[in-house]
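The values are calculated or read from the model by the stated rules, or taken from the named source; none is laboratory data. Note that the structure is predicted; figures quoted are calculated from it, not measured. Neighbour counts are summed over all protein chains in view; Cβ atoms, including those assigned to glycine, are modelled from backbone coordinates with ideal geometry. Note: areas computed on protein heavy atoms with side chains; ligands, DNA, RNA excluded. Shrake-Rupley method; radii C 1.70, N 1.55, O 1.52, S 1.80 Å.
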Amino acid sequence: MRYVYLVSIVGVIGLIALLGPRGSVTTRPPIEVFPDMDRMPKYHPQAKSAFFADGRTDRLPVEGTIARGTYYEDEYFATGKNGEAFGKGFPIDVDNDAMARGEDRYNIYCSVCHGAAGDGDSMTKKYGMLTVANLVDQRLVDYTDGQLYDVVKNGKGLMLGYADRLSVEDRWNVVLYVRALQRAANGTKDDLTPAKREELGL
Ligand code: HEC
């Protein structure tokens with residue numbers, strides 16, 4: 001009987017020694033009985049590859065192919081251009097849904113720099129970014145819709161493009177909302193209905 005106790009005690013001590021106290025911090029690698037998925041063959045971005053002949057882990061797109069979901073029959077819809085020239089008009093349904101979506105995306109992605117009203121009076125300006133464009137300026141009112149779309153897609157000067165954050169449709173929705181901001185900032189009493197003018201005494 002005594003041996004049973006002895007073996008049990010030695011066994012328990014052995015087990016504690018093997019598994020160690022939980023919750024302590026150590027820099028030593030843990031004992032791995034089953035390595036599971038701790039180490040798996042995978043490539044890190046920009047790492048060297050022993051598999052591909054050119055040694056790159058990041059693969060270039062196969063020549064002559066287009067990634068799924070990035071081809072649009074309508075060239076103007078995708079680029080804002082007809083051939084080389086920027087086009088005019090909206091290749092999306094211009095309705096309240098498009099405007100609401102544009103406002104939503106504008107407030108997320110653009111207002112930090114261009115201001116909620118589009119006039120460039122924004123948070124980043126307060127912190128010293130003084131070159132941010134005033135979107136309701138006549139210079140940009142005179143831009144064609146395609147030209148504005150191109151700035152949103154590809155960026156311009158100091159501004160980065162939003163192609164990776166806004167879908168093609170959303171870029172147009174944002175341009176639509178920028179047009180609304182421009183109308184709002186440059187409105188005159190002639191934009192009001194006669195009834196509204198009378199109500200305001202103009
Ligand atoms: C991080 C700040 C920042 C954000 C966010 C930003 N912009 Fe800009 N944007 C700028 C700056 C700075 C310029 C001036 C670029 C220059 O002329 O170098 C500019 C210029 C522009 C212009 C004028 C380009 C021209 O040809 O003069 C348009 C139009 C514009 N932005 C639209 C947008 C829209 C729409 C969004 C949202 C999708 C957006 N921007 C988001 C900083 C920003």
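Show which lysines lie in cross-link reach of Lys81 when reach means a straight Cα distance below 22 angstrom and same-chain residues fewer than eight apart are skipped. Candidates past the 8-residue exclusion: Lys153, Lys156. At an R0 of 30 angstrom, the distance between the Cβ atoms of Ala180 and Glu75 translates into a FRET efficiency of 0.70. Legend: calculated FRET efficiency, Arg2 to Val25, from the Cβ-Cβ distance at R0 = 41 Å, rounded to 0.05, equals 0.55.
Here the chain exposes an accessible surface that is 58 percent carbon and sulfur, computed with a 1.4 Å probe and the other protein chains kept in place. Surface analysis of the chain yields an accessible area of 77 Å² per residue, using protein heavy atoms and a 1.4 Å probe. One compactness figure for the chain is 1.85, namely its Cα radius of gyration divided by 2.2 N^0.38 Å.
Among the trypsin sites (Lys or Arg not before Pro) in the stretch 123-202, those located in a DSSP loop and surrounded by at most 16 other Cβ atoms within 10 Å of their own Cβ are Arg165. Amide H contacts of Arg56: Ser49, each under 5 Å away and 5 or more positions distant or on a separate chain (H built 1.01 Å from N in the peptide plane; Pro and chain starts excluded). Between exposed GluC sites (Glu not before Pro) in the chain, where DSSP calls loop and at most 10 other Cβ atoms lie within 10 Å, what's the longest gap? By the stated rule (loop sites, at most 10 other Cβ atoms within 10 Å), 85-202. For Asp104 and Asp137 in one chain, what is 0.36 nm times their gap in residues minus the Cα-Cα distance, to one decimal in nm? Separation in residues times 0.36 nm, less the Cα-Cα distance, equals 9.7 nm.
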